[in-house]
Structures are given as C-alpha cells and as structure tokens.
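Take a look at the structure set out below.
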Amino acid sequence: MRVLEVTDLQVELLTGTSVVRAVDGVSFHIDQGETVTIIGESGSGKSTTAMAILRLLPDDLAVISGEARIGGQDVTGSRKVIDKLRGRAVALIPQDPMTALNPIRTIGRQMTEAVRIKYPDLGRAEAKARALSLMEQVHIRNPAKQFDAYPHQLSGGMLQRVLIAMAVSTDADLIVADEPTSALDVTVQAGILDLLLELQEQTGIALLLITHDLGVARLMSDRVHVMKAGAFVEGGPVTDVVDHPQHPYTQKLLGAIPELGPWVDPGASEPLVKEASHG
Amino acid sequence: MLTYVLKRVGQTVLTAFLAVATVFVLLRMAPGDPAANYAPPNPSSEQLEAIRQQFGLDQPIPVQFWTFLQHLFQGDVGTSFFFKRPALDVVLERLPYTITLAVAAIVVTSVVAIPLGVWMARRNNTAPELGANIGTIAGQSMPDFWIGFVLLILFAVNLHWFAPSGFDSATSIILPTLTIAILQIALISRLVRREMVVNLASPYLTVARSRGVSERALTWRYAFANAALPVVTALGTRFAAMLNGVVIVEVVFNWPGVGELVVNALKQRDFPLIQATVLVTVLLALAVQLLVDLLYPLMDPRVRLGEASS
C-alpha cells in the first residue's frame, strides 16, 4: 500500500524581498512498513520537504505546489485535508525534544491529549491507561512517575521517547522523523534509533526519515534520496547508494565521514604509572 | 514557601515605611506654610504660631517624625487639618471609589486587551492587524487628561449620555473607566501581541499542531497559557498603579476617590491627610504586587518546583 506519494513537489520560501526555491521538483514514495530517508547537508531542503508535506510551514512564508498524497489524499491544496490527517494518519517526531513540548503542562496531560485526538471517545481514565502503556512500550522507566512530570524534569532522550510514544499513540500510517537524534547525545542516539526500528517491526508503520547522518541512514533505511540545493541528485536502495555512489555529491558526502581507527592521543602520551608513585 | 512569603511581607512593610518617611520629610521641606491655610484672613504672627503649635509643626522635623511614628504604632495616622477628623477615616471613606474605578478599568482592560492582542498576533502582518497596531500606538500616545476631556465633550456635553462629573449614578463610572482603559488597552494589547507572536512561532506549538491539536487549543491552551505570565505581571503593576489614585482622571471627572482627595489635600497643605493617603495606597499597591508574585508558582511549574531559579 502506498502511504506517501510525492510528485514534483516545489516549495518557494518568501524572504522579504526575494523568493528562494527551497524544494525544486521532488518526487518519491513510501510504501507500508518502509523507511525512506532523505539525506543532505544543512540548507539542502530536506526538512523543508518534510514540513511542506505536513503543511507546517506558514502560508505567508511558503508557497507549495505539486502533489503530496498521504493515504491517497492530496495535502497541498486546502488545509482542511491535512487538519484531518495530522495526529490520525500522519505524525511527526521532531528534531529537538527539549523544546517540543508545552513547558507548563505535564507529560501525562499532553500524552492523553494526543491519545484523545485520535480516539475522542476514550474517557479520561482509559486515555491515561493507554498513555501509560505507550510509555512502557517506548521503554520509559517508571511511567506512572514520569506521567506527572513536567518536560523540564526529563532528559532529552526521555523526552524524545515521550514524543515517539505520542507519535505512535495515533496509530498513524506514516511517521515523519525530522532529524530525530541530532539534538541528542551520541550514547542516547543509538537507543532512540533502536526504538524506532523496534516499533516499526511491531506496527509496520511507514517512516520518512530526514537526516544528515549517513550512519543513521544506513542503519534505518530501505531506500535513500540524496538531496542537494532543493533537488534529489541520487536515490535508490540504501546499499546501492552507500556502497556504489554515482553522483559526485554523494561521493563527497561519503568521503566526509571521519575514519575510525587506531589513534594515539597526544595528551595521554605520559605514562600513567607516574601518578600512582606520588600517592 | 513560608520563608518566601515572610520575606515578601517584610519587604512590603519596609517599602511602605520608606515611602511614608520620604513623603513626611519632603512635605515639610516643600515651600508654603500650612498654618497660613488654616488661619483667619490677614493673620498675625502670633495666630500663625498658635496654629503651628496646634498642628505640632513648631517642632524640629526629627521630633515630628518620632511623634508621628509613636502614633502610627498605635494605629493613629493623625488628624486631618482640614476635616478635623482622623485622616485615616477620611481616606477610607474615599477608597471604595478609587478601588471601584481601578477594578472597572482593569477588568475592561483585560477583557479588551487580551483578545485584541491575541487577534493581532494571529493576524500578524496583515492589513487589519496593521490598522489595529496603528490604533494601539495612537492610544498609547494620547495623554489621559486629553482623552478624558474629549470623552467629556463628546458624550457628556454634546450627546448628554452621561453626567459630566462626580458620582451620581452607576453610569457615572463609564467615562472615567474608559479614559483609564484606553491607554492601558493600548499598552497591554501590544504586550500580549508580542508575547503571543513569540509563543505561536515556538517549536512546541508546531509539534502540537503536527499532532492535530486544534488551532483554538494551540492559541489559548498552548501559546496564551505560556504568554500569560508577563501579561499578568503587567496587569498587576497597572492595577497597583491605579490604586495609588488615578489622580488626573479623578480630577478631570471630579470622581470622589483618593486621587482627587490627595490633590485637594496637597493644595491645603493637609499633611496628615497626605501621609494617610500615601500609607494606605502604598500598602494596597504592595499587597497587589505580593498577590501577583504569589500567583507565579500557580501559573508556571518551573517556578513552583524551584528548578528554574537554580
């Protein structure tokens, strides 16, 4: 089943005096259970593509043309279409979890709100039970305690788990993950990516992943599109693109990954035994 | 929490004391002799001296202040020179009028300025918003006595809708309230607009929108709930200032509040009455400020849980 079908999408950003074509005729699709990644450097238009599909760009700043069908419905026209799909058929995992929640409402209140947007008939207690089970599903320790916490009391990794739980709570067909790990510590990133893979396995949800990190792309994706200056320069199954890059830009991107190998730290060249002898 | 409250109460008492002491000294250093106001026409120097003695003004200022403090701690603020009655009683008789006017003005301000500011933020950079924006700048720029006179001429003199001055009926409050509220609406709505623009553009709002939260809920439950803190602070400060006597408006409309009272007391060099007015209004204003400060923790969990300050 085709969950997302984007055809010749263009986004023009109005910047006071000039018009910038941030997304210039992009076409791709995502099927059920698939992860498609758009990879590119900052300013390449990858996040703008995602935000345009979700219609989260302000009307007075961005002009969208082309077609983007979520579950067969074109969202580039009237906002009414996307209003019915957000939080029901499509959900977002944002870039920076630290600023993504209302700072003056508890985690629980925002989670039950999210649950009840998709399932308005659920009572307060049922919504809470569902929120708690979702928090367990995303491996939040002691959900009952975190339920009553405020966002500033949780770490970035925990908040991202909460936001993932909220995205999952909608039983959406498509989740857009916009750089879901870039604001997190490296040690936390792996856990979040594992969680996304695990949830995808359980639910068969389709994932549109936006990242600048080739490692993340290789780990997560079925297919990738390499974006540069608003257009896709190369695309295909992840193994093909990463192992046999055709476009010079992709080759450059791959060449930019720092090599990991044996490395001598010049600061640690002194023998460590010295310290012990002073004791 | 208890230490916080005690600290704030202590600050309040100290501030009130300093305000009263300053006014006490300044009044006695100002030119003009109160005795001249209360003596018969063409008084002899003996008559003036007798009046000064009667009012205790013949003593050195520190002695006068010490006497004043001793009486103050017994709950006696002094006897009005003009009314020949306890000054506190005179002030407390007028206070309800000022409080009524201040409450009416702050209610009208809140009811108009908050929706107006929110509307301006939602319609940011559109033609109607620009019009409203210019309107609020105009409202901010007009002096209140001038607004008062324009309203008087228009609605009382020409249209005869309201009584021009004093307090005759319930409708008497409308013009003075409007006069105060126009300026406050202009100021507060611009503050609301500024705070709302910031919050409406913040990431948490975009993420909530992506979850399908309705625009109405985004505006009020998300953006406004976060923008409310500085707005409530500003409303509290404005209200406290109004309780200090909306002097000019009360004089323009001959409104029998403490503002009008203090102007007359100043003219008559009625020292005890001025001191009593200052004491009462300063305490009231400080009480309002205290109340606003105590509201913070209720509105923002980060203040309540004490983590924001650490």
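Summary of values
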| read-out | value |
| --- | --- |
| For B:Leu243: the one exception among (1) modelled with pLDDT of 90 or more; (2) closer than 25 Å to B:Ile114 by Cβ | (1) |
| Residues of the range A:55-96 that turn out to be of a type in the set (A, V, I, L, M, F, W, C), in a loop (DSSP other than H, G, I, E, B) and facing another protein chain (nearest Cβ under 8 Å), as a count | 1 |
| Residue match in the range B:161-170 (condition: part of a helix (DSSP H, G or I), modelled with pLDDT under 90 and not hydrophobic (A, V, I, L, M, F, W, C)) | no |
| Residue in the range A:113-133 that is crowded, with 18+ Cβ neighbours inside 10 Å, within 13 Å of another protein chain (Cβ to nearest Cβ) and either assigned to a loop (DSSP other than H, G, I, E, B) or under 19 Å from the mean Cα position of the chain (by Cα) (or both) present | yes |
| Hey, A:Val138 more than 14 Å from chain B (Cβ to nearest Cβ) and crowded, with 22+ Cβ neighbours inside 10 Å or not | yes |
| Checklist (1) modelled with pLDDT under 85; (2) part of a helix (DSSP H, G or I); (3) surrounded by 15 or more Cβ atoms within 10 Å (Cβ to Cβ) applied to B:Val77, failing item | (2) |
| Yes/no for B:Arg190 being surrounded by 13 or more Cβ atoms within 10 Å (Cβ to Cβ) and over 22 Å from B:Val111 (Cα atoms) | no |
| Cross-chain or 6+ apart pairs with Cβ under 9 Å, the range B:35-52 first and touching a residue at least 12 places away in the same chain (Cβ under 8 Å) and surrounded by fewer than 15 Cβ atoms within 10 Å (Cβ to Cβ), then polar (S, T, N, Q) and assigned to a loop (DSSP other than H, G, I, E, B) | B:Asn37/B:Gln268 |
| Qualifying strands (runs of 3 or more DSSP E) (wholly inside the range A:149-257; at least 2 residues being modelled with pLDDT of 90 or more and away from chain B (no Cβ under 13 Å)) | A:206-211, A:223-228, A:231-237 |
| Qualifying residues in the range B:109-155 (those that are of a type in the set (D, E, K, R) and within 16 Å of B:Ile185 (Cα to Cα)) - the one surrounded by the most Cβ atoms within 10 Å (Cβ to Cβ) | B:Asp144 |
| Members of the range B:195-204 that are touching a residue at least 24 places away in the same chain (Cβ under 8 Å) and surrounded by fewer than 16 Cβ atoms within 10 Å (Cβ to Cβ) | B:Val198 |
| Meets criteria (crowded, with 16+ Cβ neighbours inside 10 Å, in contact with a helix residue (DSSP H, G or I) (Cβ under 9 Å, 6 or more places away or on another chain) and either modelled with pLDDT of 90 or more or within 29 Å of B:Val246 (Cβ to Cβ) (or both)) for B:Val103 | no |
| Subset of the range A:179-224 that is touching a Leu at 6+ places or on another chain (Cβ under 9 Å) and among the hydroxyl-bearing types (Ser, Thr, Tyr) - its residue that is surrounded by the fewest Cβ atoms within 10 Å (Cβ to Cβ) | A:Ser221 |
| The listed residue being within 14 Å of chain A (Cβ to nearest Cβ) and either in contact with a Phe, Trp or Tyr (Cβ under 9 Å, 6 or more places away or on another chain) or part of a helix (DSSP H, G or I) (or both), out of B:Leu130, B:Leu101, B:Leu95, B:Leu154 | B:Leu130 |
| Output for the range A:97-111, where each listed residue is more than 15 Å from B:Trp220 (Cα to Cα), within 9 Å of chain B (Cβ to nearest Cβ) and β-branched (Val, Ile, Thr) | A:Thr99, A:Thr106 |
| Residue check for B:Phe68: assigned to a loop (DSSP other than H, G, I, E, B) and surrounded by 19 or more Cβ atoms within 10 Å (Cβ to Cβ) | no |
| Residue that is nearest to the chain's Cα centre (by Cα) [pool: residues in the range B:85-100 that are within 17 Å of B:Glu250 (Cα to Cα) and surrounded by fewer than 18 Cβ atoms within 10 Å (Cβ to Cβ)] | B:Ile99 |
| Residues being surrounded by fewer than 14 Cβ atoms within 10 Å (Cβ to Cβ) and over 20 Å from A:Leu196 (Cβ atoms) - total across the range A:21-42 | 1 |
| B:Val249 vs. criteria away from every other protein chain (no Cβ under 14 Å), touching a Leu at 6+ places or on another chain (Cβ under 9 Å) and not polar (S, T, N, Q) | yes |
| Any chance B:Leu218 is within 11 Å of another protein chain (Cβ to nearest Cβ), under 15 Å from B:Trp119 (Cα atoms) and either modelled with pLDDT of 90 or more or within 19 Å of the chain's Cα centre (by Cα) (or both) | yes |
| Qualifying position, being under 30 Å from B:Ser165 (Cβ atoms) and under 28 Å from the mean Cα position of the chain (by Cα), among B:Val13, B:Val23 | B:Val23 |
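The values are calculated or read from the model by the stated rules, or taken from the named source; none is laboratory data. Here the structure is a predicted model, which means the values were calculated and not measured. Counting neighbours? That spans all protein chains shown, and the Cβs are built from the backbone with ideal geometry, glycine included.
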